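Asker: I'd like to ask you about the structure that follows.
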Amino acid sequence: MNDTMVTLVGNVATNVEYRESVAGGMARFRFAVTPRRWDKQSGSWTDGHTSFYTVFAWRSLAINLVGSVSVGEPLLVHGRLKVREEERDGQRRASVEIGAVAVGHDLTRGTSAFRRVVKAEPNLTARPAVTSAERPEQHAGERSDEVRAAPVAVP
């Protein structure tokens, strides 16, 4: 498929709305992107025109967005660009949507703490559980394929 993939850097403009559907969870929020340019004449940074996008996410990304994102936070959004055109009250309108593939905090503007979400396996395909007594080097609740990072002190 020839989708147009984009990466946007901006700020969350509205609360994340979450809805359950037959196909799984869906989340949406508005995203504001304001370009900044250096103005040589004034010798300072100036803001350009703010563009607003509606970001949609599905399944696990939707659930994780609800628990991780608040209004005003700086994000990077990577996803499929979609432009919708419609006519309302005799006027032609266009809206721009992003079908998110990945979303993360913009770490050039702050810090973030990542918490891995461990998904439960379906009962039909579940493997036999291995107790921590059989695998003493692994802590209870930790997956064997996880990489554990040492704590980092933030100044």
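Asker: Amide H to amide H, which residues 5 or more places from ALA13 or on other chains are under 5 Å from it, using H placed in the peptide plane?
Answerer: Residues meeting the amide H criterion: ARG30, PHE31, ALA32, GLY72.
Asker: Run the quick spin-label model on ALA32 and VAL83: label points 7 Å from Cα toward the beta carbon, then report their separation in nm to one decimal.
Answerer: 2.4 nm
Asker: Same structure again: When Lys and Arg each count +1 and Asp and Glu each count -1, what net charge do the other residues less than 15 Å away from ARG93, Cβ to Cβ, add up to?
Answerer: Within the 15 Å Cβ shell, the charges total -1.
Asker: What are the residues whose amide H is under 5 Å from the amide H of VAL101, where those residues sit 5 or more places off or on another chain and H is modelled from the backbone?
Answerer: HIS78, GLY79, ARG80
Asker: Taking a ≥ b ≥ c as the square roots of the eigenvalues of the Cα gyration tensor of the range 1-105, is the shape rounded (a/c under 1.5), prolate (a/b larger than b/c) or oblate?
Answerer: Since a/c reaches 1.5 but b/c is at least a/b, the shape of the range 1-105 is classed as oblate.
Asker: Under a 1.4 angstrom probe, counting protein chains only, how are VAL103, VAL66 ranked by accessible area, largest first?
Answerer: Largest accessible area first, the list is VAL66, VAL103.
Asker: Any idea of the accessible area per residue across the range 1-41, 1.4 Å probe, to the nearest Å²?
Answerer: 74 Å²
Asker: 5 Å is the cut-off here: which amide hydrogens, built 1.01 Å from N in the peptide plane, fall below it relative to ASP106, excluding neighbours closer than 5 in sequence?
Answerer: For ASP106, the qualifying residues are LEU75, LEU76.
Asker: On alpha carbon coordinates alone, what is the Rg over Rh value for the range 65-122, Rh being the Kirkwood radius?
Answerer: With Rh from the inverse mean 1/r over Cα pairs, Rg/Rh is 1.15.
Asker: Now for a separate question. Rank these residues by their accessible area, most exposed first, probe 1.4 Å: GLU85, GLU17, GLU97.
Answerer: Of GLU85, GLU17, GLU97, the descending order of accessible area is GLU85, GLU17, GLU97.
Asker: Give me a comma-separated list of calculated 3J(HN,Hα) values for the range 43-52, in order, Karplus coefficients 6.51, -1.76, 1.60 applied at θ = phi - 60°, integers in Hz, x for any Gly or Pro.
Answerer: x, 8, 7, 10, 8, x, 6, 7, 9, 10
Asker: With a ≥ b ≥ c taken as the square roots of the eigenvalues of the C-alpha gyration tensor of the range 29-89, please select rounded if a/c is under 1.5 and otherwise prolate if a/b is larger than b/c or oblate if it is not?
Answerer: Because a/c hits 1.5 or more and a/b fails to exceed b/c, the range 29-89 counts as oblate.
Asker: Express in Å², to the nearest 10, the accessible area of THR111 obtained by rolling a 1.4 Å probe over the protein heavy atoms while all chains stay in place.
Answerer: 120 Å²
Asker: Using a 1.4 Å probe and ignoring any ligands, DNA or RNA, find the accessible area of ARG37 and quote it in Å² to the nearest 10.
Answerer: Accessible area, nearest 10 Å²: 150 Å².
Asker: Another question, then. Run the 1.4 Å probe and let me know the accessible area of LYS82, rounded to the nearest 10 Å².
Answerer: Roll a 1.4 Å probe over it and LYS82 shows about 100 Å².
Asker: With θ set to phi - 60° and the Karplus curve 6.51 cos²θ - 1.76 cosθ + 1.60, what are the ³J(HN,Hα) couplings of the range 18-33 in order, to the nearest whole Hz, using x for Gly and Pro?
Answerer: Going residue by residue, I get 10, 9, 8, 9, 4, 7, x, x, 9, 10, 8, 7, 9, 10, 9, 10 Hz, with x marking Gly and Pro.
The values are calculated or read from the model by the stated rules, or taken from the named source; none is laboratory data. Predicted, not measured: the structure shown is a model, and the values here were computed from it. When we count neighbours, we look across all protein chains shown, and the Cβ atoms used for this are built from the backbone with ideal geometry, even at glycine. These area figures cover heavy atoms from the full protein model, side chains too; ligands, DNA and RNA do not enter into them. Shrake-Rupley method; radii C 1.70, N 1.55, O 1.52, S 1.80 Å.
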